[in-house]
1. Where the only charges are on Cβ atoms (+1 Lys, Arg; -1 Asp, Glu), what is the dipole of the chain about its Cα centre, to the nearest 20 debye?
2. Could you tally the net charge around V169, taking each other residue with its Cβ under 12 Å from the Cβ of V169, Lys/Arg +1 and Asp/Glu -1?
3. Counting only C-alpha contacts under 8 Å and six or more residues apart, can you give the relative contact order of the chain as a whole percent?
4. Please give every one of the aspartates and glutamates within straight-line cross-link reach of K568, meaning a C-alpha to C-alpha distance under 12 Å, and leave out same-chain neighbours fewer than 8 residues apart.
5. If the cut-off is a Cα-Cα distance under 26 Å, which lysines reach K955, setting aside same-chain residues fewer than 8 apart in sequence?
6. Determine the order of D548, D367, D334 by accessible area, beginning with the largest, at a probe radius of 1.4 Å.
7. Sum -39500 (n - 2.57) across every DSSP H segment of at least 4 residues in the chain, then divide by the residue count to get the 222 nm mean residue ellipticity, nearest 500.
8. Ignoring everything but the protein chains, give the 1.4 Å probe accessible area of V755 in square angstrom, nearest 10.
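The values are calculated or read from the model by the stated rules, or taken from the named source; none is laboratory data. Given the structure is predicted, the values throughout are model-derived calculations rather than measurements. As a convention, Cβ positions derive from the backbone with ideal geometry for all residues, glycine included, and neighbour counts pool all protein chains shown. These accessible areas exclude ligands, DNA and RNA; they are computed on the full protein's heavy atoms, side chains included. Shrake-Rupley method; radii C 1.70, N 1.55, O 1.52, S 1.80 Å.
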Amino acid sequence: MVKRKTRKSDSGGKKSLKGVPTVEAIQKTEINEMAVKYWAPYVKKHLPFDAKIVQHLYTNELLGSLFSHNKVVLLEFSQYLEAFLWPNYNPKTSPNEHLLSIIAMVNEKYRERVPAWGCFVRDPEKFNGFFRKVLEAALDEKEELAKIEQSLVLTFLVHCFDSVEVDVVRAAVQRLASLPCWINLLPTQREDQFAQNTKLKKFWQVIQKHDAKLDKDQLQVAEFERRFLWRLLHKFFDVLDDIPLEGEIDMLTVHYCERALELMIDLEALLPTRRFFNALLDASHAITRCTLSALIRREEGALFCELLQMLRFYAKFEIDDVTGQQLTEGQMTDRHYAHVTSLQKAAFKHFKDSMREFFLLNVGSVDTRKALVKLFTGMGKEDLYKFAEYMHMVPPLTESTDDFEEMSHEFLTEMLVSRCERRPNQLQQLNEMPLYPTEAIIWDENMVPYEHYNGEGVLALNKLNLQFLTLHDYLLRNFTLFQMESTYEIRKDLEDSILRMKPWLHENGRDVVWGGWARMSQPIINFTIVEVSKPNIGEKCPSSVRADITIHLGKRADIRHEWEGLRKHDVCFLVTCRPTKAVGTKYDVRLPFKEQFEVAYVRGCEVEGMLDGQGRIIEEFGTEPRPMVPGDARSFRVWLDTNQYRLDMEKHVATQNEDLYETFNLLVRRDAKSNNFKAVLDTMRQLLNTECVVPDWLHDLILGYGEPDAAQYAKMPNTVASMDFNDTFVDYQNLLSAFPDHKVVPTVNDPELLVPPFRLTFKELEPQHGVDPEKRDKSIVVEPHVIPSRGPYPYSEPKKNTIRFTPAQVEAIKSGMEPGLTMVVGPPGTGKTDVAVQIISNIYHNWPEQRTLIVTHSNQALNQLFEKIMHLDIDERHLLRLGHGEEALETTKDFSRYGRVNYVLAQRLELLNEVERLQQSLGVVGDVAYTCETAQHFFLYQVYARWEEFEQATKKKQNTPTPSVESVAINFPFAGYFDNAPQPLFK
């Protein structure tokens, strides 16, 4: 990883980052000089538009520099697109240089993550003409564009399909991937699609009738749009076929193929386009062509191979393409079995001699790739083609022989195998996937780019679009992206630790000499696998794999304390370094890491605990004092990833190579605050294995469908009209000011009784059937009420809110208490935390039987919320702080899991002491405060009995519904117990 250094500039001794142009340098560029003359917004008078300027800038500054990032940025900063290119663009007369310049500027805006469509939205008609030219440039039938320019156009199309929320863009791209594009399918393929959804056939007939009314020009435009994606696919196939298996290769051609796959993945991953494009992708046999291409077998095709895996995943995604309904594993299995069974019947009827094994065996025996390859390899090419023809995968041989001549035996075999083979269970694959990154992923820049990645290349990563196919797709994309984000941070920590340790090769050529030291890493003295448990029923991997690691800690007390302080479930990494540099070699932090260090293996592990002298795990929160371990050596028991262990052992048995678990020589730990990735990934994987994850009202909103405000409480069917706002309002005037646009109706007229807490009833949330919306009752009924006394002691008084909330804040509090989704947005200092805390308090008092989960992005934010919650009227025994960071709470109390256990035990002792004091005040003999069970008997036979007598005595002496204070005070049996309370007890 390269760190930039500062250097002195030529003028004034000022410093600037290397490679970053100064203001003076920008002002002297030709681009800035032309901007001042022709389009700069800060210049009042400009020269008239000159098309030669656009051609000159494109030829010399853009294409001439291969679209250098610095050149494009300078043009973007000068508002080249908004002020010069788009206002002067004419779809009929403007040359390709003008078109490609606009495309380059839009791509740059996307790379910088700034709004890109503002100037296009204002002129939809002009955009349609421009977009038609873009489509023609993408096909490039005259072969006028270079590969880098064609990639530029494909990148623009990717951005268009990712921007369906923009009306003008959506209208343009929908015409490309809609029902009419099925004109490219074979009639038999189209009928198969219509058989799955009969409504589509009716729509198809309507389209045909509409086409009959179009004139020649209109029909030609419609025909061009409908066949665009099909023609673009075949253009991609031509480019892919031109790549040789050996010899030199043009990397610009490789980048074009990568962009084409990115476009296909985006079309498959978006339901409105997938609904019709998936049939085109299947009919074109794109995945088969890519699988058999020469690029997939070349070293330069590593990224192409990863993108193809993503495309294959989405092409067979578990969803009904037309309805958008997620298909269960059972439904997918039923579809597969029905499909293979129908093929077996066809084989028995038409290919009885050549496919005997296929139709005689059960489905489970013939739907594996190995069995299918064996079957189809033994068949002749003509039989393979006829079988594919029966499956409606190729045109009939009687109609055209071109396809038969073009397709090889290998191509037909792969095409049929991919159609008939058993689809891998996506959820099972996820459950069998290791959660810790390995060396293969950590240093794969196609998936985890370094910090110098500028956003120009393609990455084999899912995108978080505005819409998702299913909830499974949404969670899976987040799972993958979070895994890659964590891997990026892990790589930084590993590289930093290894660089500080300075691994050198010993003179014997085998051992490692550590020339430095690092706070977060220690050389491993011994590593031993101590337990490999048998797999659970139905699983392949062991149920658990445990190992012991021994390291040597130095004399520094702080370092020793940090390593001994490793907690249960903390994640560490086991590293195998294989240095090639001799002892004394200096490493340069500015050079790339992989050029200087050889890391053979990286495996993650989870700490179970530190071992004592007898090899037993030291409990973190045991009742006995923590034992002292003699010497400098420390051993830790860790859990290994069972899925990763299974994969490693299978590879070891298959290849007979070294056992990597005998090679680890470095243990690396990470900062606890940023080391929770494993728990997060594990939680997300559990969610993916859960049937119901989110409520129905939130499901479509997460996936990006329906109205954006559908989850707002006013649109919910189960709104709560009457709620206790507890201590939200400081006084009645605060309540009135919080609802300036509503009529407030108190239930009492006495001003002295209008004191908080208030119970509010919102008439607008009550059913008002048959009432004109403008005449609906929107008044608010205010009912003050008195909280029952909790005791005579001052500490029994409930804590109260002291903040006078504004109308906007009160509306947020009201929304947060109602069902649905509430988002509170505002700059720092506007009271978002106070509003959230008040919402939590009100929910706690209105629904005391329910639990409230608070999740924040950082420990600091959670601690701020927690500290404010402690100052409100919420019982301490109902508070629990999970995760790291509870030690930073500004309180002497422990709200962690173990702290809550200790709190309950302490409360037990305190309450038993109170029982003993009550016993003494009543003059009861015996040890009733010995256990909770004896205290329960004491309550039942002594306390409760006296209370019943007290109630009866009060009723006899006073016939009125409310007894007098004197009568209560005289008959109250527990006055002696409350002699330490403020007197008198009853007022």
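1. Once rounded to the nearest 20, the dipole reads 1040 debye.
2. Every neighbour counted, the sum reads -1.
3. Reported relative contact order: 6 percent.
4. E606, E608, E619, E620
5. Hits, sequence-local ones excluded: K987.
6. D334, D548, D367
7. That calculation yields -13500 deg cm²/dmol at 222 nm.
8. My reading of the accessible area for V755 is about 70 Å².
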